[in-house]
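The structure appears right after this line, and notes come after that.
The values are calculated or read from the model by the stated rules, or taken from the named source; none is laboratory data. This structure is a prediction, so every number in the text was calculated from the model and none was measured. All Cβ positions, glycine included, derive from the backbone under ideal geometry; neighbour counts span all protein chains shown.
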Amino acid sequence: MTNYRQEIENLTTQLGSQKTWQAINPESVARMRMQNGFKTGLDIAKYTAAIMRKDMEAYDQDPSKYTQSLGCWHGFIGQQKMISIKKHFENTDRRYLYLSGWMVAALRSEFGPLPDQSMHEKTSVAGLIKELYTFLRQADARELGGLFRELDAARTAGDQLKEVEIQAKIDGYVTHVVPIIADIDAGFGNAEATYLMAKQMIEAGACCIQIENQVSDEKQCGHQDGKVTVPHEDFLAKINAVRYAFMELGVDDGVIVARTDSLGAGLTKQIAVTKEPGDLGDQYNSFLDCDEVSEAELTNGDVIIKQNGKLVRPKRLPSNLYQFKKGTGEARCVLDCITSLQNGADLIWIETEKPHIGQIGGMVREIRKVVPNAKLVYNNSPSFNWTLNFRQQVFDDMAEAGQDVTQYDKERLMSADYDNTELAKVADERIRTFQLDAAKEAGIFHHLITLPTYHTAALSTDNLAKEYFGEQGMLGYVLNVQRQEIRQGIACVKHQNMAGSDMGDDHKEYFAGEAALKAAGKDNTMNQFANIA
């Protein structure tokens, strides 16, 4: 990889041969090139796919090296997450972004807020991927611009040691660009529609696409009722469609996450095609809730199939959907995961109704009997009441171990009255270590929270509104927003700089030299924050 000085030298030679380009400064061009390291979305997809593959290999060797992400619904939100991660941890290792279809539907649709039912515009997903990477690239450009200004200041001061130090930071620069796991829902139509949408997403920069096994026109949020799954062959066609899209665009190591909603889905729209006993279609149909019938018992419109040499009638609802046998969810999840991993998927996602390592681990152990290196993506969902779930788990464990639980009312475990009890402390510790424990015990390679910024935006806005429009007035903003930005070193306190004002000044100077009219003069109020980290 060409370093900063080599790039300047190469450009000096190139520009020297152009007699009419003498106003172009080689170092300025080198800076602009470094600030725009990714030229296309496909460049990003290829770069980030390699990161994910490397992380997957590392996890196989050491399950404590799991990966994490937070969901985002705007480019600025994703940018600020990665800026914060770099500030606190110095690198972005094993930390991604998640693009939630739920948040696209709720916050990005031209129809207004929508439920997670694939009713939003399918192009809005690719649009958000592009927006996220635009903001992440801008974060690179902004941070590098700051280093370039530090380099100029060191030169002006004649501080050669500082100059060498800053140049090393430039050459070793860590980008904000990280993998995005992007939600394609159930494909927004048939396999061709899935392929076309996947292409858009990959061209925008997605290296990882998550697709679920629900019927696309009946799709529901994974944590709502009424979910309807499709036979495996239908789902595998869409997995193939995504793989073809990756291969066509040259992202040969693109990652596919196959999500199963079977644990909470009691319905199917179709009876699977089966050609012989025990094939994939027959296995899917074996979970149908059926009654054995004779030909004499058949009525008008009945649908019958043959299983194990007997005629059976699947139970069909007024909605024309068929229901599965109760209690078959986990077995269906295991079959879904094995089938997906054997037919093109790289990772699996099991949508559960609660965060319980024992439940998840039990299914993973069954899957790994067939696919030993099976790895999960898991939704640490805000749909779960984490406090209540873990207090219930600890209560049950204490009772089973014969400990005295008479001081606790199991119907009131969420109460703040219990916050300082031993039960609550144990529960909170289990929540704290949940991701590491699940990575080791339940095969979870990637932990994500789908809707964190939806909730944090609501909470912080509620607090600001209460204080600003109440007795605190302007102090409500200053005390709990601006002063905290300053004290905690939040870059956005200099919001003009964050929006690109200083980069614009740099460019004006490149283009017009001393004649440049720059915004960062003495009257720029951002100078009030000049000495703030």
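The criterion of being crowded, with 19+ Cβ neighbours inside 10 Å and modelled with pLDDT of 95 or more does not hold for His223.
For segment 153-167, what are the residues that are over 38 Å from the mean Cα position of the chain (by Cα) and in a helix (DSSP H, G or I)? Answer for segment 153-167, where residues must be over 38 Å from the mean Cα position of the chain (by Cα) and in a helix (DSSP H, G or I): Ala153, Ala154, Arg155, Thr156, Gln160, Leu161, Lys162, Glu163. The criterion of at least 3 residues that are small (Gly, Ala, Ser) and more than 20 Å from the chain's Cα centre (by Cα) is met by the following helices (runs of 4 or more DSSP H) wholly inside segment 356-462: 357-368. Looking at segment 492-503, can you tell me whether even one residue there is under 33 Å from the mean Cα position of the chain (by Cα), surrounded by 14 or more Cβ atoms within 10 Å (Cβ to Cβ), in a loop (DSSP other than H, G, I, E, B) and in contact (Cβ under 8 Å) with a residue 12 or more places away in the chain? So far as segment 492-503 goes, yes, one or more of its residues are under 33 Å from the mean Cα position of the chain (by Cα), surrounded by 14 or more Cβ atoms within 10 Å (Cβ to Cβ), in a loop (DSSP other than H, G, I, E, B) and in contact (Cβ under 8 Å) with a residue 12 or more places away in the chain.
Between Ile449, Ile490, the distinction of being of a type outside the set (Ser, Thr, Tyr) and at pLDDT 95 or above belongs to Ile449 only. When Lys522, Lys518 are screened for being outside any helix (DSSP H, G or I), on the phi < 0 side of the Ramachandran plot, modelled with pLDDT under 90 and surrounded by 13 or more Cβ atoms within 10 Å (Cβ to Cβ), only Lys518 passes.
Quick one: would you say Asp159 is buried (at least 18 other Cβ atoms within 10 Å of the Cβ) and of a type outside the set (A, V, I, L, M)?
Numbers: buried (at least 18 other Cβ atoms within 10 Å of the Cβ): no; of a type outside the set (A, V, I, L, M): yes.
No; evaluated as a whole, the condition is false for this residue.
Only one of the numbered conditions (1) among the hydrophobic types (A, V, I, L, M, F, W, C); (2) part of a loop (DSSP other than H, G, I, E, B); (3) surrounded by fewer than 24 Cβ atoms within 10 Å (Cβ to Cβ) is violated by Ile170, and that is (2). A Cβ distance below 6 Å, combined with a sequence gap of six or more or placement on separate chains, defines the contacts here; from segment 239-260, residues that are crowded, with 23+ Cβ neighbours inside 10 Å reach residues that are modelled with pLDDT under 95 and of a type in the set (S, T, N, Q) in the pairs Thr260/Asn213.
Per-residue answers, yes or no, for (1) at pLDDT 95 or above; (2) within 27 Å of Met498 (Cα to Cα); (3) touching a His at 6+ places or on another chain (Cβ under 8 Å):
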residue	(1), (2), (3)
Leu42	yes, yes, no
Asp55	yes, no, no
Trp73	no, yes, no
Asp93	yes, yes, no
Tyr96	yes, yes, yes
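The test for being among the β-branched types (Val, Ile, Thr), crowded, with 20+ Cβ neighbours inside 10 Å and out of contact with any helix residue (DSSP H, G or I) (no Cβ under 8 Å at 6 or more places or on another chain) does not hold for Thr67. How many of the residues making up segment 293-328 are farther than 20 Å from Gly281 by Cβ and of a type in the set (S, T, N, Q)? Count: 4.
Checking each residue in segment 35-64 for being within 23 Å of Leu136 (Cβ to Cβ) and in contact with a helix residue (DSSP H, G or I) (Cβ under 6 Å, 6 or more places away or on another chain) picks out Gln35, Phe38, Gly41, Ile44, Ala45. Closer than 29 Å to Arg53 by Cβ and modelled with pLDDT of 95 or more, is that true of Ala154? When the stated conditions are applied, Ala154 does not pass them. For segment 271-320, the candidate set comprises residues that are more than 20 Å from Asp336 (Cβ to Cβ) and of a type in the set (Gly, Ala, Ser); within that set, the residue that is surrounded by the most Cβ atoms within 10 Å (Cβ to Cβ) is Ser319. Which of the residues belonging to segment 321-351 are part of a loop (DSSP other than H, G, I, E, B) and either among the charged types (D, E, K, R) or surrounded by fewer than 21 Cβ atoms within 10 Å (Cβ to Cβ) (or both)? The answer is Leu321, Lys325, Lys326, Gly327, Thr328, Gln342, Asn343, Gly344, Asp346, Glu351.
One residue is enough: does segment 127-150 have a residue meeting the conditions closer than 30 Å to Glu218 by Cα, in contact with a Gly (Cβ under 9 Å, 6 or more places away or on another chain) and not aliphatic (A, V, I, L, M)? Talk me through it step by step, then tell me what you get.
Step one: of segment 127-150, the residues closer than 30 Å to Glu218 by Cα are 127-132.
In the following step, the residues that additionally are in contact with a Gly (Cβ under 9 Å, 6 or more places away or on another chain) were identified as 128-132.
Filter once more, so that each one left must be not aliphatic (A, V, I, L, M): 130-131.
Yes, that holds for at least one residue.
Of Asn380, Asn385, all but one fail to be under 30 Å from Ala182 (Cα atoms) and touching a helix residue (DSSP H, G or I) at 6+ places or on another chain (Cβ under 8 Å); the exception is Asn380. Checking segment 431-442 against the condition returns a match, with at least one residue being closer than 28 Å to Val255 by Cβ and free of Cβ contacts under 8 Å to residues at least 12 places away in the same chain. Quick one: would you say Thr461 is exposed (fewer than 12 other Cβ atoms within 10 Å of the Cβ) and over 23 Å from Ile357 (Cβ atoms)? The answer is yes for Thr461. From the list Glu143, Glu110, the lone residue that is surrounded by fewer than 21 Cβ atoms within 10 Å (Cβ to Cβ) and within 25 Å of Ile8 (Cα to Cα) is Glu143. In the set (1) in a helix (DSSP H, G or I); (2) more than 19 Å from Gly172 (Cα to Cα); (3) among the aliphatic types (A, V, I, L, M), Ile8 fails one condition alone, (2).
Among what's in segment 364-387 and is at pLDDT 95 or above and among the hydrophobic types (A, V, I, L, M, F, W, C), pick the residue that is surrounded by the fewest Cβ atoms within 10 Å (Cβ to Cβ). By that ranking, first place goes to Val370.
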